[in-house]
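Below: the structure, in structure tokens.
Read-outs throughout are calculated quantities, based only on the coordinates presented, and are distinct from any laboratory measurement. The shown structure was predicted, so the numbers you read here are calculated from the model rather than taken from an experiment. Note: ideal-geometry Cβ built from the backbone for every residue, glycine included; neighbour counts use all protein chains shown.
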């Protein structure tokens with residue numbers, strides 16, 4: 001046989017089979033189908049990280065705005081804006097995907113996150129010019145929604161791997177995933193972070209909002225599908241700025257030195273600061289006015305004029321003096337005339353809300369066994385460390401609503417002769433502590449002969465103020481009187497934001513006070529002037545003035561009639577959110593007159 005190139009001719013039937021096979025499409029592997037489980041998992045691993053981080057940015061942003069604008073003004077329309085910006089991110093991807101292609105926005109979003117604290121600190125400097133509404137909107141957009149939009153954009157880009165627009169159409173393929181991810185994922189995660197963050201800040205200061213801003217930036221960089229490492233050269237200077245020059249970051253003593261260097265030019269010094277479950281808590285001292293105050297976000301929990309050698313020698317001071325008369329007025333609960341009279345050595349007092357501890361310190365100074373219920377452990381720590389709160393008391397560091405409810409239900413306590421209800425934070429009182437349910441619980445804790453003093457700060461023109469005062473009045477069967485710490489009208493006759501002390505008794509009888517003695521003053525000149533409520537500062541209960549406004553309707557569901565309509569019931573707190581916002585904004589302007597803008601802006 002001759003060796004060489006040979007050809008083989010295939011049978012004709014086999015050629016036909018080959019031709020037929022070439023016309024059959026190769027089956028798509030199951031894993032490569034758009035809606036296969038493997039592909040869905042792969043897409044979700046790209047969709048969920050940016051949305052999760054954006055959900056964390058939301059409460060962190062709100063927390064960092066609160067020291068400058070207050071927690072309530074910062075949250076106005078925040079939830080609605082979140083929904084709008086998520087939809088905007090999804091729509092933006094749909095409109096720009098042909099132009100942007102596969103360009104990944106996440107590395108640049110990480111770079112923006114690194115520089116945001118510095119940008120935010122710069123924008124805070126305009127808070128006095130912009131005010132609590134416009135300032136909170138503009139700064140909130142930069143610090144929060146500038147993350148939400150590109151995060152939603154990145155999620156929409158990842159979702160393209162499922163081919164939803166080809167299957168559902170352009171409108172449904174964009175709108176449905178955006179709505180579902182917003183309601184079913186983003187909202188629950190944001191809610192979880194909002195509730196976890198305050199608790200985490202009581203466990204450790206590692207999770208303070210300024211630290212979390214930089215941590216979020218690092219996580220954004222790590223989870224980004226593409227990582228142009230040259231961007232790190234732009235992010236590193238932002239980290240250095242944070243640790244060396246950002247007064248808001250609480251990472252080291254260096255940051256506090258920067259803060260006090262800048263505040264020192266305005267004669268202010270921050271002695272201590274810490275984030276906690278009620279917000280940003282700090283102790284600040286003024287070198288010119290010589291007073292020390294305890295701050296929570298954009299409000300003051302109390303303060304004292306310092307006892308200096310000059311005041312001791314020239315003015316005869318013996319003790320530091322409270323900067324607010326209302327705290328001494330609340331102490332007058334001890335002077336209320338009841339039969340039989342209550343002896344200090346036998347008395348038990350309950351104080352709900354600590355502040356710097358002016359009223360409970362007075363109770364303890366008179367030898368009264370005192371229990372303090374305070375939500376924020378840092379407030380209690382600073383009141384002890386910087387305002388000389390004696391340790392001879394029983395501290396209850398938990399939510400007053402749950403504690404009072406359990407104590408009243410258990411009915412195991414012997415009862416309190418005096419109760420002082422003084423709660424205030426973030427520019428407004430927590431309404432849950434003024435509902436009929438909570439106040440009935442407080443009354444259950446009083447002895448039959450006990451008395452109570454409640455502090456409420458608000459505008460008498462607002463319906464929520466009327467509701468709260470009426471709730472107090474009805475809970476204690478009308479055995480109450482209201483006193484302000486100032487006249488109820490301004491020079492032009494207009495009512496204004498006012499601190500009020502409401503005194504009530506558990507048993508029938510008149511609201512009257514015995515004369516104060518030198519022993520009652522505890523060496524304080526301010527107590528000498530303000531301890532006894534002034535008759536000319538008495539305020540009538542609004543229930544007597546609004547009868548005609550309550551004639552329509554059936555009067556409510558738990559007793560009917562006019563009496564039960566205009567009160568604050570448990571579960572109705574959210575109904576009055578808008579009026580609480582108005583009150584908080586008024587309070588914001590008041591605080592800006594107490595301290596200059598720079599103190600609030602620098603924290």
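Distances between every pair of Cα atoms in the stretch 297-384, grouped in 5 Å steps from 0 to the bin holding the largest one, split as 3, 12, 20, 21, 19, 13, 9, 4, 1 percent. Gap in Å between the Cα centre of the stretch 360-400 and the Cα centre of the stretch 235-273? Measuring centre to centre over Cα atoms gives 30 Å. Highest-first packing order for the peptide set 575-588, 56-69 is 56-69, 575-588, based on the mean count of other beta carbon atoms within 10 Å. Provide the FRET efficiency to the nearest 0.05 for the residue 513-residue 310 pair, computing r from the beta carbons and using R0 = 41 Å. It comes out at approximately 0.75.
In the stretch 26-182, the ratio of gyration radius to Kirkwood radius, Rg to Rh, stands at 1.06 when only Cα atoms are counted.
Enclosing the Cα atoms of the chain in their convex hull gives a volume equal to 252 cubic angstrom per residue. Ordered by the count of other Cβ atoms within 10 Å of each Cβ, fewest first, 405, 299 give 405, 299. When all alpha carbon pairs of the stretch 96-246 are counted in 10 Å bins from zero, the resulting P(r) reads 9, 30, 36, 20, 5, 0 %. Using only the Cα atoms of the stretch 46-126, build the gyration tensor, take square roots of its eigenvalues as a ≥ b ≥ c, and label the shape rounded, prolate or oblate: rounded if a/c is under 1.5, else prolate if a/b is larger than b/c, else oblate. The shape class here is prolate.
Shape call for the stretch 204-353 from the C-alpha gyration tensor, a ≥ b ≥ c root eigenvalues: rounded (a/c under 1.5), prolate (a/b greater than b/c) or oblate? Here the stretch 204-353 falls in the oblate category.
Put simply, the Cα atoms of the stretch 167-249 extend 52, 37, 18 Å along their principal axes, the longest span coming first.
Quickly estimate the mean residue ellipticity at 222 nm for the chain, helices only: each DSSP H run with n ≥ 4 gives -39500 (n - 2.57), and the total goes over all residues, rounded to 500. That comes out to -15000 deg cm²/dmol.
Taking other Cβ atoms within 10 Å as a rough exposure proxy, 354, 389 sort from fewest to most as 389, 354. The percentage of C-alpha pairs in the stretch 346-407 whose separation is greater than 17 Å is 33%. Axis of helix 78-100 versus longest Cα principal axis of the chain: the two differ by about 20°, to the nearest ten degrees.
Exposure proxy shown here: for 182, 417, the number of other Cβ atoms within 10 Å sets the order, fewest to most, as 182, 417. Each peptide in 291-297, 481-487 was scored by the mean count of other Cβ atoms within 10 Å over its residues; highest first, the order is 291-297, 481-487.
Going by the alpha-carbon gyration tensor, a ≥ b ≥ c the square roots of its eigenvalues, is the stretch 371-528 rounded (a/c under 1.5) or, if a/c is not under 1.5, prolate (a/b greater than b/c) versus oblate? Because its axes are fairly even, with a/c under 1.5, the stretch 371-528 counts as rounded. The three principal axes of the Cα atoms in the stretch 230-290 give end-to-end lengths of 51, 30, 14 Å, sorted in falling order. Taking the C-alpha atoms only, the angle from helix 170-181 to the longest principal axis of the chain is near 40 degrees.
Each peptide among 360-369, 40-49 gets the average number of other Cβ atoms lying within 10 Å of its residues, and from highest to lowest they stand as 360-369, 40-49. To the nearest ten degrees, helix 400-410 and the longest principal axis of the Cα atoms of the chain are 70 degrees apart. Dividing the Cα radius of gyration of the stretch 312-593 by its Kirkwood radius returns 0.95 for Rg/Rh.
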